[in-house]
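Report on one structure; see the data block that follows.
The values are calculated or read from the model by the stated rules, or taken from the named source; none is laboratory data. Model, not experiment: these values are computed from the prediction. Using ideal geometry, Cβ is built from the backbone for each residue, glycine included, and neighbour counts are taken over all protein chains shown. Please note that ligands, DNA and RNA were not included when accessible areas were found on the heavy atoms of the full protein model with its side chains. Shrake-Rupley method; radii C 1.70, N 1.55, O 1.52, S 1.80 Å.
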Amino acid sequence: MKIRDRKGLGKALDRALATVEVSDIHTHLYSPCFGDLLAWGVDEMLTYHYLIAEFFRATELPYEKYWAMTKTQQADAIWKALFVDRTPISESCRGVLTALERLGLDPGKRDLAGYRKWYAKQSAEKHIDRVFELAGVKNCVMTNDPFDDAERPVWLKGAKLDPRFIPALRIDPVLLSWEKSFPRLAEWGYQVTRDLSARTLDEVRRFFREWAVKTKGLYVGVSLPPTFEAPEQSDTGTILEKAVLPVCEELGLPLAMMIGVKRRVNPQLRMAGDGVGLARIEPVEYLCAKFPKNRFMLTMLQRENQHAACVATRKFRNLHLFGCWWFVNNPSLIDEITRERLELLGTGFTAQHSDARVLDQVLYKWAHSRKVIGAALLDKYADLLDTGWTIEDSELKRDVDALFGGEFHAFLTRRL
Ligand code: FIX
Ligand code: ZN
């Protein structure tokens, strides 16, 4: 059906956005076979690390007192400080309310005890079905780290995955802290030493290969500091070029580079204590040019890096740009970044990922992003109509599908 004006456009776009089945390409969710690693429920949402950082600025409670509390006590304290004593206007606070509302609970009641009662009656399996359906998400990609002592045994026993949860192999420990990681590899039977000899690199490749095969990861991922450099004469540089990329090429797996995180700028906040810094784009350009047979994915954390990331993506067909990550996953920045990307890349990128750590968060992260991305698209299509171009609603649906996961899945198999 041909779309003729902005009103028709709005309606067709709403339909496309309401029916698109999202593939959420980076999360920290787990298939139910990982047991308690799959976090869900109101207390988990309230104690999300985004909220912990906000909480500590709104309270005089000493850090260690908070960390000594039970999860319920922590959630109580956060609820009081951020939702009762203050207005929950921040994006992370608003997110909790959107999630509750989507589940049919009434945020206006401010009834934490009532929400808890409701959650206590839900089973994990049914809740997963409900959340995926309400969020319009068909699958999500996990973050699977063989160095995680809670996760590793599940893989070793043979994980029986719910097919909606797709694995991705996370490699931060080996790539970024070889000195600390090599003894563990040795403990697990790999013939490695501190120095990155030919024999050791062979074994590091074996480690990556075996875990990529065991997990059947869709890609290999790492979060990198703003100081990330390539080429670089360092353990990281050597492992990247001599072990990670050769195995990725051999197995046809992209390397997802998430660049810009400064870990633990305030260690007292633990996991909530990471910050952001401006990174250089040259390492990305170098890697894409030097390894044309490898696929790379890229997301950058600092706002000022977004433009360079778009320009680099224009230059390399082996590079896929994705998501508005963490500190740029806010409506004002998603709006700006999405428009910038549409203008520079057309529909050749993935507009968003949730990074959800708690299942219920996919409800708000996708609801909020859909709205902002939809508004950006509406303006862009209206500009096209102004030229006299015509648009079919099937084309609009095709574009929305591409931006919400389709383009990424096509990138995985597109000939380079
Ligand atoms: O490195 C990552 O994958 C980050 O997304 C996380 O470590 C971070 O803690 C997070 O949850 C951001 O949304
Ligand atoms: Zn993440």
**Residue list for the stretch 331-367, filter: open to solvent by less than 20 Å² (accessible area, probe 1.4 Å), in a helix (DSSP H, G or I) and within 14 Å of ligand 1 (Cβ to nearest atom)** = ILE334, GLN361, VAL362, TYR364, LYS365
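Do any helices (runs of 4 or more DSSP H) entirely within the stretch 1-86 hold 1 or more residues that are within 16 Å of ligand 2 (Cβ to nearest atom) and over 30 Å from LEU156 (Cα atoms), and if so, which? Break it down stepwise before answering.
Numbers: elements: 6-19, 42-46, 49-56, 63-68, 71-78.
Qualifying helices (runs of 4 or more DSSP H): 49-56.
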**Prompt:** Restricting the first residue to the stretch 368-379 and requiring it to be surrounded by fewer than 20 Cβ atoms within 10 Å (Cβ to Cβ), which pairs with a second residue that is assigned to a helix (DSSP H, G or I) and at pLDDT below 95 meet a Cβ separation below 8 Å and a spacing of at least six or different chains?
**Reply:** LEU378/ARG6
**Prompt:** Within the stretch 216-235, which residues are buried (at least 16 other Cβ atoms within 10 Å of the Cβ), more than 16 Å from ligand 1 (Cβ to nearest atom) and either at positive phi or not in a loop (DSSP other than H, G, I, E, B) (or both)?
**Reply:** ASP235
**Message:** I'd like to know if the stretch 124-136 contains one or more residues that are loosely packed, with under 15 Cβ neighbours inside 10 Å and closer than 30 Å to VAL84 by Cα.
**Reply:** yes
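How many residues are in contact with a His (Cβ under 8 Å, 6 or more places away or on another chain) and more than 12 Å from ligand 1 (Cβ to nearest atom) if we restrict to the stretch 26-51? Walk me through it before giving the result.
Residues of the stretch 26-51 in contact with a His (Cβ under 8 Å, 6 or more places away or on another chain): 26-27, 40.
Cutting the leftovers down to more than 12 Å from ligand 1 (Cβ to nearest atom) gives us 40.
Of the residues in the stretch 26-51, 1 are in contact with a His (Cβ under 8 Å, 6 or more places away or on another chain) and more than 12 Å from ligand 1 (Cβ to nearest atom).
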**Request:** Output the residues belonging to the stretch 177-215 that are under 30 Å from PRO163 (Cα atoms), open to solvent by 50 Å² or more (accessible area, probe 1.4 Å) and either part of a loop (DSSP other than H, G, I, E, B) or among the hydroxyl-bearing types (Ser, Thr, Tyr) (or both).
**Result:** TRP188
**Request:** Report yes if ASP149 is at pLDDT 95 or above and open to solvent by 40 Å² or more (accessible area, probe 1.4 Å), otherwise no.
**Result:** yes
**Message:** I'm trying to understand the selection: among the residues of the stretch 290-330, which are within 16 Å of ligand 1 (Cβ to nearest atom) and among the β-branched types (Val, Ile, Thr)?
**Reply:** THR299, VAL328
**Asked** Only one of (1) out of contact with any Pro (no Cβ under 8 Å at 6 or more places or on another chain); (2) under 14 Å from LEU169 (Cβ atoms); (3) not in a strand (DSSP E or B) fails for CYS248. Which number is that?
**Response** (1)
